[in-house]
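**Q** For reference, the structure I am asking about is given below.
Only the coordinates and a few stated rules stand behind these numbers; no lab work does. As the structure is a computational prediction, the values presented were derived from the model and not from experiment. Cβ sites come from the backbone with ideal geometry, for glycine too, and all protein chains shown count toward neighbours.
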Amino acid sequence: METEFTPFVSLLGGALIGLSAVVLLATHGRIAGISGIVSRMLPPTFDKTGLPQGIIFLVGLLLAAPLWIVVTGTAPVQVVSKNELLLVAAGLLVGFGSVIGNGCTSGHGVCGISRGSARSIAATMTFMATAFVTVFVLRHVVGG
Amino acid sequence: MHIFSTLFAGLLFGTGLILSGMANPAKVQNFLDLFGTWDPSLAFVMGGAIMMTMPGFWLVQKRTKPLFDDVFHLPTRTDFDARLVVGAAIFGIGWGLGGFCPGPALTSLPLAASGTLFFAPAMLVGMVIAKYTAAPQPKNLEL
């Protein structure tokens, strides 16, 4: 399915994401890495020091879509696969990989790269590469 | 005030994900589909974000400490290990398969698409599995 090329709103949306990361660092000295914020709340080990701010940040994140609907009067455009097995597999891999690799698109891809972290640059290049290959296989080899 | 700033940051992050199209898995997968229905928008999302964070982080770190905390909690590791690369590689496969990464998946939860309701819990399970198999956790081994 095709999606419209939206350079302007994508740039603007990206800038909001970046601004959010700057606010979090300026106020609480923390990196806006979603996988890190979430995984630190999960067993077996809890990071108590960052827990309250992490929860509040996630509440804000969860309020974004409802607020979007209230303000714009329309639900955000979204097409999610209905292949439940595929999404369970995807979720497991994303969760597992982001913890093992210490970050995701936000922690490595935005915050880490901006800090000039060599680890984050390597991680971002790696997950971009495997994601491109995965979609190629999914759409042109298997689904072809 | 410090609670409000974090809530605001979360809201801003989620709104940015929605506005940019990152919260739409079809758009993410189209970005990753160079040889099909390619949509380069996501490069602009990353560009827009880094345009803010690069100068923003630099400015913030000129201060000795954040507004509401005594220290900056920044990652300090600089070494490369297999876990980093293997983890990132696995993450990328999952991201490509579903078109979701953690931020957009959680932001999408209230929209309650059936796929999201399968993806998000699986993601949390994946995280817990990784934490159990991850580096030694002496505190728990003593139990």
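**Q** Any chance you could tell me what percent of the C-alpha pair distances in region A:7-142 go past 18 Å?
**A** So the portion of pairs separated by more than 18 Å is 66 percent.
**Q** Which is the longest run of chain B containing none of the trypsin sites (Lys or Arg not before Pro) found in DSSP loop states (not H, G, I, E, B) with at most 12 other C-beta atoms within 10 Å? Each step should come with its number before you reach the end.
**A** Numbers: sites that count: B:Lys62, B:Arg63, B:Arg77.
Free of exposed loop sites, the longest segment is B:78-143.
**Q** Using DSSP to call loops (not H, G, I, E or B), can you name the chymotrypsin sites (Phe, Trp or Tyr not before Pro) in region A:36-144 whose Cβ has at most 14 other Cβ atoms within 10 angstrom?
**A** In loop regions of region A:36-144 (DSSP not H, G, I, E or B), the sparsely surrounded chymotrypsin sites (Phe, Trp or Tyr not before Pro) are A:Phe46.
**Q** Using modelled backbone amide H atoms (1.01 Å from N, in-plane), which distant-in-sequence or interchain residues come within less than 5 Å of B:His73's amide H?
**A** For B:His73, the qualifying residues are A:Arg30.
**Q** I would also like to ask the following. Got a sec? How would B:Thr116, A:Thr105 order by Cβ neighbour count within 10 Å, fewest to most?
**A** The order, fewest Cβ neighbours first, is B:Thr116, A:Thr105.
**Q** Related question: If contacts are Cα pairs under 8 angstrom and at least 6 residues apart, what is the relative contact order of region A:7-142 in percent?
**A** The value is 27 percent.
**Q** Per residue of region A:120-133, in order, report the coupling 6.51 cos²θ - 1.76 cosθ + 1.60 (Karplus, θ = phi - 60°) as ³J(HN,Hα) in whole Hz, putting x for Gly and Pro.
**A** Per residue, the Karplus-derived 3J(HN,Hα) values read 5, 5, 5, 5, 5, 4, 5, 6, 5, 4, 5, 5, 4, 5 Hz.
**Q** Additional query: Exposure proxy check: A:Val38, A:Val71 ranked by fewest other beta carbons within 10 Å?
**A** On the way: A:Val38 25, A:Val71 9.
Fewest to most other Cβ atoms nearby, the residues stand as A:Val71, A:Val38.
**Q** Sort B:His73, A:His28 so the one with the fewest other Cβ atoms within 10 Å of its own Cβ comes first.
**A** Going from least to most buried by this count: B:His73, A:His28.
**Q** Let me ask something else about it. At 7 Å along the Cα-to-beta-carbon direction for both B:Leu34 and A:Val70, put a label point, then send me their distance in nm to one decimal.
**A** Using points 7 Å along Cα→Cβ, the separation is 4.3 nm.
**Q** No solvent, one uniform scatterer per C-alpha: report log10 I(q)/I(0) for region B:43-127 via the Debye equation at q = 0.13, 0.16, 0.23, 0.26 1/Å, two decimals.
**A** After summing over all Cα pairs, the log10 values are -0.71, -0.98, -1.10, -1.14.
**Q** Summing Lys, Arg as +1 and Asp, Glu as -1, what charge do residues with Cβ under 15 Å from the Cβ of B:Leu32 carry, B:Leu32 excluded?
**A** -1
**Q** In deg cm²/dmol, rounded to 500, what helix-only [θ] at 222 nm does the protein assembly as shown give when every DSSP H run of at least 4 residues adds -39500 (n - 2.57) and the total is split over its residues?
**A** -20500 deg cm²/dmol
**Q** Taking θ = phi - 60°, what integer Hz values does the Karplus form 6.51 cos²θ - 1.76 cosθ + 1.60 yield along region B:44-55, in sequence order, with x for Gly and Pro?
**A** Running phi through 6.51 cos²θ - 1.76 cosθ + 1.60 with θ = phi - 60° gives 6, 5, 5, x, x, 5, 5, 4, 8, 6, 4, x Hz.
**Q** In nm, what is the difference between 0.36 nm times the number of residues separating B:Leu109 and B:Leu67 and their Cα-Cα distance?
**A** Working: separation 42, 0.36 × 42 = 15.12 nm, distance 3.11 nm.
So the chain would gain 12.0 nm between B:Leu109 and B:Leu67.
**Q** A further question on this structure: Identify the chymotrypsin sites (Phe, Trp or Tyr not before Pro) of region B:1-109 meeting these criteria: DSSP loop state and at most 15 other C-beta atoms within 10 Å of the C-beta. Kindly include the intermediate steps, with their values, before the conclusion.
**A** On the way: sites: B:Phe4, B:Phe8, B:Phe13, B:Phe31, B:Phe35, B:Trp38, B:Phe44, B:Phe57, B:Trp58, B:Phe68, B:Phe72, B:Phe80, B:Phe91, B:Trp95, B:Phe100; in loops: B:Phe35, B:Trp38, B:Phe68, B:Phe72, B:Phe80, B:Phe100.
Sites meeting the loop and neighbour criteria: B:Phe35, B:Trp38, B:Phe68, B:Phe80.
**Q** Let me check against my output: what whole-number percent is the relative contact order of region B:1-130, with C-alpha pairs under 8 Å and at least 6 apart?
**A** Relative contact order for region B:1-130 comes out at 28 percent.
**Q** Would you mind classifying the protein assembly as shown by shape? Square roots of the alpha carbon gyration tensor eigenvalues, ordered a ≥ b ≥ c; an a/c under 1.5 is rounded, otherwise it is prolate if a/b is larger than b/c and oblate if not.
**A** rounded
**Q** Under the Karplus relation 6.51 cos²θ - 1.76 cosθ + 1.60, θ = phi - 60°, what is the ordered set of whole-Hz ³J(HN,Hα) values for region B:108-120, x standing for Gly and Pro?
**A** Coupling constants for region B:108-120: 7, 3, x, 6, 6, 5, 4, x, 5, 5, 8, 5, 4 Hz.
**Q** Within region B:7-31, whose backbone N sits under 20 Å from a point 7 Å along Cα→Cβ of A:Met41?
**A** Once the point is set 7 Å along Cα→Cβ of A:Met41, B:7-18, B:23 turn out to lie under 20 Å by backbone N, inside region B:7-31.
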